[in-house]
Structure formats: C-alpha cells, structure tokens
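Trainee: The structure that follows is given in the form of structure tokens.
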Amino acid sequence: MKRLVLGSQSPRRKELLELAGFEFDVRPSNAEEVIEEGMSPEEAVLHLARVKAENVKVDENEVLLTSDTVVAFNGEILGKPKDDQEARLYLRSLSGTTHEVYTGVCLKTNQSVDLFYVQTEVTFYALSEEEIDAYIRTGEVWDKAGGYGIQGKGSLFVEEINGDYYSVVGLPLSRVARELKKLGIFPE
C-alpha cells in the first residue's frame, strides 16, 4: 500500500487533506521559495511546487505532495506582504476588482514527477480604508499570498469566486484526490 507524504508545514493544507479523509505523514520541505524574474504566475507555482518536492526524500511506496499558491493581479504576482504598507497596497489593489489565484501541485514518487496547477478567479467588493486597516490589525495578512486568507475574515471581502474555493485556501482538493487515485492513494 502506498503512503501519502505532505511536504508542507501549512496548517491549511494539512486540514484540507484531513477533511478529505487522507492519512498522511508530514515531512516539510526546507526549500528556499524564490520566484525568478519574469515568471508567469503559472510558471511560478509549478516551479515552487517542484523545488519543494526536490528537497524531500521519497521512499519506495510513498507519494509526496507539495504545493504553492500565489495571487496575481493584472499579471503581477502579489506575494506574502512584508509589512503593513505592502499589505495595505495589496488590499487596495484587490479592492473592487477580480484577481487570479494559482495553486501549483507536485506529486512525486521514486518513478515519476507530476505537476499541475489550478487557476481560480476571485472578485472583491470595494473595500474602505477602515476595512483594510481593521483587517491588517487581525494579523491574517501575514504568511498569506496576496495578503488575505479566504478561509478567515478575508472571506468578508469576497463578492464572487469562479473556480475551486479550496485552491484559493491552498490546495485544489478534488483535483488532488483524482490525481492521487491514479497513484494508488485513496481517502479513508
């Protein structure tokens, strides 16, 4: 029987796999997450998912799952904000507009490496400066692509989603489950 290994410390990805009923080990990657200049959002998430996978050893009968998520607005990747000013800039940019969220996934065994990404469009309501400042004070902006978490208070900004909600959270769960099935991994 094959064993699933999550190559991530992300509590969100862990929760999503548990929600779906997967049993897995956690073996975080210590890869440096660097996006090269000029990469498209699609290239960036596939690159980061692959780099993470390359830094985790896979034993026989194991399937490693690594993933990365970026937010893009007008083709520009909005990473994890470095400070309040950058978080405010990101949220102002996303206010009243539609942006894309890309999640790349790498499934690695001793014999293969499979990569795919999922794109989801998210439309925000127009946000007031007071809403933006209050959200920054919650602390949710940190360690989140684009400076918001859709599974928390950031959900209050979302007017519409076109695509996979769970991909925006950090893992396109239904697609991952279908790909894992091909590799002999099933939820309990």
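Trainee: Which entries in the list Lys14/Lys80; Lys52/Lys181; Lys2/Lys82; Lys14/Lys182 go over 28 Å, if you measure between the two C-alpha atoms of each? Before the final figure, lay out each step's value.
Mentor: Working: Lys14/Lys80 20 Å; Lys52/Lys181 22 Å; Lys2/Lys82 39 Å; Lys14/Lys182 21 Å.
As for pairs spanning more than 28 Å Cα to Cα, those are Lys2/Lys82.
Trainee: Relative contact order of the range 1-147, please, whole-number percent, based on alpha carbon pairs below 8 angstrom and at least 6 residues apart.
Mentor: Details: 286 pairs, mean separation 35.9, N = 147.
Computed value for the range 1-147: 24 percent relative contact order.
Trainee: How compact and how long is the range 75-130, expressed as Rg and Dmax of its alpha-carbon atoms in Å?
Mentor: Here Rg and the maximum Cα pair distance are 15.9, 52 Å.
Trainee: If I fit a long axis through the Cα atoms of helix 84-94 and take the longest principal axis of the Cα atoms of the chain, what angle between them do I get, 0 to 90°, rounded to 10?
Mentor: The angle comes out at about 90 degrees.
Trainee: Which one, Tyr102, Tyr125, Tyr117, has the greatest fluctuation when you compute a Gaussian network model over the chain with C-alpha springs under 10 angstrom?
Mentor: Tyr125
Trainee: Dividing the alpha-carbon Rg of the chain by 2.2 N^0.38 Å yields what?
Mentor: Details: Rg = 16.6 Å, N = 188, 2.2 N^0.38 = 16.1 Å.
After normalising by residue count via 2.2 N^0.38 Å, the value is 1.03.
Trainee: Would you report the distance distribution of C-alpha pairs in the range 136-175 as whole percents per 10 angstrom bin, up to the bin with the largest distance?
Mentor: 28, 54, 16, 1
Trainee: OK, next. Please calculate how many Å² of accessible area the chain carries per residue, with a 1.4 Å probe and no DNA, RNA or ligand atoms counted. Don't skip to the answer; put the middle values down first.
Mentor: On the way: 9460 Å² over 188 residues.
Heavy-atom accessible area per residue stands at 50 Å².
Trainee: What is the sum of charges around Val176, taking Lys and Arg as +1, Asp and Glu as -1, for the other residues whose C-beta is under 14 Å from the C-beta of Val176? List each step's numbers first, then the result.
Mentor: Working: positive: Arg12, Arg13, Lys14, Lys108, Arg175, Arg178, Lys181, Lys182; negative: Glu15, Glu18, Asp68, Asp114, Asp164, Glu179.
That sum, taken over residues with Cβ under 14 Å, equals +2.
Trainee: Here's something else I'd like to know. Report the residue, chosen from Gly147, Gly79, Gly21, that carries the largest GNM mean-square fluctuation when the chain is represented by alpha-carbon nodes joined by springs under 10 Å.
Mentor: The residue that fluctuates most here is Gly21.
Trainee: Given a 1.4 Å probe and every protein chain left where it sits, what share in percent of the accessible area of the range 22-127 is carbon and sulfur?
Mentor: Working: 2170 of 5160 Å².
That fraction is 42 percent.
The values are calculated or read from the model by the stated rules, or taken from the named source; none is laboratory data. Just so it is clear, the structure is predicted and the values come from calculations on it, not from any experiment. Backbone-built Cβ (ideal geometry, glycine too); neighbour counts: all protein chains shown. Accessible surface areas use protein heavy atoms only, side chains included; no ligands, DNA or RNA. Shrake-Rupley method; radii C 1.70, N 1.55, O 1.52, S 1.80 Å.
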